[in-house]
1. Quick one: would you say A:SER42 is among the polar types (S, T, N, Q) and within 13 Å of chain B (Cβ to nearest Cβ)?
2. Considering each of A:GLU37, A:GLU45, A:GLU59, A:GLU92 in turn, give the residue that is exposed (fewer than 14 other Cβ atoms within 10 Å of the Cβ) and assigned to a helix (DSSP H, G or I).
3. Just to be sure, is A:GLU37 at pLDDT 80 or above and more than 10 Å from chain B (Cβ to nearest Cβ)?
4. When region B:205-256 is examined, which residues are found to be hydroxyl-bearing (Ser, Thr, Tyr) and modelled with pLDDT of 85 or more?
5. How many of the residues in region B:203-218 are surrounded by fewer than 21 Cβ atoms within 10 Å (Cβ to Cβ) and of a type in the set (Phe, Trp, Tyr)?
6. Determine which member of the set B:ALA205, B:ALA144, B:ALA120, B:ALA133 is closer than 29 Å to A:LEU121 by Cβ and aliphatic (A, V, I, L, M).
7. Restricting attention to region B:38-63, and to residues there that are of a type in the set (A, V, I, L, M) and closer than 16 Å to B:PHE9 by Cα, which single residue is nearest to DNA strand C (Cβ to nearest atom)?
Protein chains: 2
Amino acid sequence: MTTATEPLFFPAKAGRASEDVALQIEAAILAGRLAPEERLPSEREMQQQFGTGRGAIREALRALKQKGLLDIRKGVKGGAYVRKVGMINIGESLALFLKQHDVEPLALVEFRESVDQTLALLAIARGSAEAKASLVAMAEEFEACLRQDEPDADRVGHLDRDLNLALAGMAANPIFEWVMQALQRGFSSHDYALYDTPRYRERTAANWADTARAIADNDPMRAASLIGYHYAMLRACLAERTVNTVNSPLVSPDDS
Amino acid sequence: MTTATEPLFFPAKAGRASEDVALQIEAAILAGRLAPEERLPSEREMQQQFGTGRGAIREALRALKQKGLLDIRKGVKGGAYVRKVGMINIGESLALFLKQHDVEPLALVEFRESVDQTLALLAIARGSAEAKASLVAMAEEFEACLRQDEPDADRVGHLDRDLNLALAGMAANPIFEWVMQALQRGFSSHDYALYDTPRYRERTAANWADTARAIADNDPMRAASLIGYHYAMLRACLAERTVNTVNSPLVSPDDS
DNA sequence: TTGGGCAAAATGGTCCTACCATTTGCGCCG
DNA sequence: CGGCGCAAATGGTAGGACCATTTTGCCCAA
């Protein structure tokens, strides 16, 4: 508490001033010296603290914003705010990857099946009774929603997403959550295909509910079997719409 | 071929000029209008094509560089070059995530074991005979390297990385390669712990070689068992260095 | 007293201009 | 013929001015 106005930033320099600035700010964030939701000094202030031009500051902030660490607002009370979350903008990286390589849907399905199988095991082993009950409730709500003649596509997508994330959360492993979060954007559009096809819709919904119950009942083999069935259906469904959707958007970047 | 000097970029826009510029360039890259290794116009040229100031151009380029789409060089013949690679800066995202949440190493181990098990199955099923032979050769070279009294840490790290990526490549699924690529940075530092401990070193090397042979012999159960053993050792090794390294760097960002 | 609207201040967004640093390549000189 | 250095191209930085947006609060009117 000796110095209330700790410098926090050193005058930086080395030809790559902007990178230096970015590194210092990032370090301050990761070290916790800048808490989430906290506001950084204004550009004109930092320009003096760093002893550099405003352009360098702006480029550093732009990079950190792109990196997902900052949130920049205009107007008085504006400025750079430290972003709280972490999982964000990962999905964007995967979306970019999918766009550049236009990877076939089956590869995505395959990967997700692998993750889901492990996830089910971990969820059974570590999920609390409440979490398991909640998962079953969600799955049954999902089932009810899909049984309707006119399912609300938005709601279906949301419930499906929540189900997957709930399952990932029960595994008590942040990496799985991270990957799941990243994958959501990329494959949700394919999952929708499953729900759009009436023939698969009911079976898929019932299967989800059965899977949730198997997890709640601590029956790993049954859960694995049901998950396998889910993806078998998804593969079949995708096979049916072979070259039908030649150039579907696949993923939609939302730059909010 | 009607217009040799296709405009390629529209003059744009008010308010969010830099974002607009970034979007146009990104779109041009993803649409293939800008090929990898191709060089964009100089900042001073683009500043005219876009009808904007140079600062806006620079901020856009900075964002795209951070995004992993561009590579910027100085001097004459310098400028912005479209990056060829695909796996881009995913690893950086994960490294950031690990730093922010300081996730325990065991979570990482757990996830990678899950991925590796699937990877081995896919490699057996899809890997060509040449690829399998190559994997065995690499594993044996790795083993030889680790048997030395004074293993070259750099070389060990490189070989370990190449082994993992080779395995991922044999799965013929870009997503697995993508994830593996992402995990390398965050994980390698822990793997090194295994190789630094003499007691585990030889066993680990031999185990890698055995695993490669099991894959080459199309023996999935044996491969699975060996992989399990690898991670059992890694867990034990990590357990031994419990709170010893309280605040180790874990991952080191290299902004080359 | 209270409500609404307007003005001022803070702050990011942009443009401009000049200059510095680095890299490449060409031409000059030995 | 060859090496060395200078000039041009280009990104990197500095500083200043102005615009756009948003918040705050003041002032006037009902």
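The values are calculated or read from the model by the stated rules, or taken from the named source; none is laboratory data. Just so it is clear, the structure is predicted and the values come from calculations on it, not from any experiment. Cβ placement follows ideal geometry from the backbone for every residue including glycine, while neighbour counts extend to all protein chains displayed.
1. On the way: among the polar types (S, T, N, Q): yes; within 13 Å of chain B (Cβ to nearest Cβ): no.
It is false that A:SER42 is among the polar types (S, T, N, Q) and within 13 Å of chain B (Cβ to nearest Cβ).
2. Values: A:GLU37 fails: assigned to a helix (DSSP H, G or I); A:GLU59 fails: exposed (fewer than 14 other Cβ atoms within 10 Å of the Cβ); A:GLU92 fails: exposed (fewer than 14 other Cβ atoms within 10 Å of the Cβ).
None of the other options fit; the residue is A:GLU45.
3. Values: at pLDDT 80 or above: yes; more than 10 Å from chain B (Cβ to nearest Cβ): yes.
So A:GLU37 fits the description; yes.
4. Looking only at region B:205-256, we keep the residues that are hydroxyl-bearing (Ser, Thr, Tyr), and these are B:211, B:225, B:229, B:231, B:242, B:245, B:248, B:252, B:256.
Passing the criteria: B:THR211, B:SER225, B:TYR229, B:TYR231.
5. Adding up the residues that qualify gives 0.
6. B:ALA120 is the lone residue from the list that is closer than 29 Å to A:LEU121 by Cβ and aliphatic (A, V, I, L, M).
7. In the first step, residues of region B:38-63 are kept if they are of a type in the set (A, V, I, L, M); the result is B:40, B:46, B:56-57, B:60-61, B:63.
With closer than 16 Å to B:PHE9 by Cα added as a condition, the list becomes B:40, B:46, B:56-57, B:60-61.
Values: B:LEU40: 16, B:MET46: 11, B:ALA56: 4, B:ILE57: 8, B:ALA60: 8, B:LEU61: 12 Å.
In this case the residue turns out to be B:ALA56.
Per-residue answers, yes or no, for (1) at pLDDT 95 or above; (2) within 23 Å of B:ILE57 (Cβ to Cβ):
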site: A:THR5; (1), (2): no, no
site: A:PHE9; (1), (2): no, no
site: A:ALA12; (1), (2): no, no
site: A:ALA22; (1), (2): yes, yes
site: A:SER42; (1), (2): yes, no
site: A:ARG58; (1), (2): yes, yes
site: A:LEU61; (1), (2): yes, yes
site: A:LYS74; (1), (2): no, yes
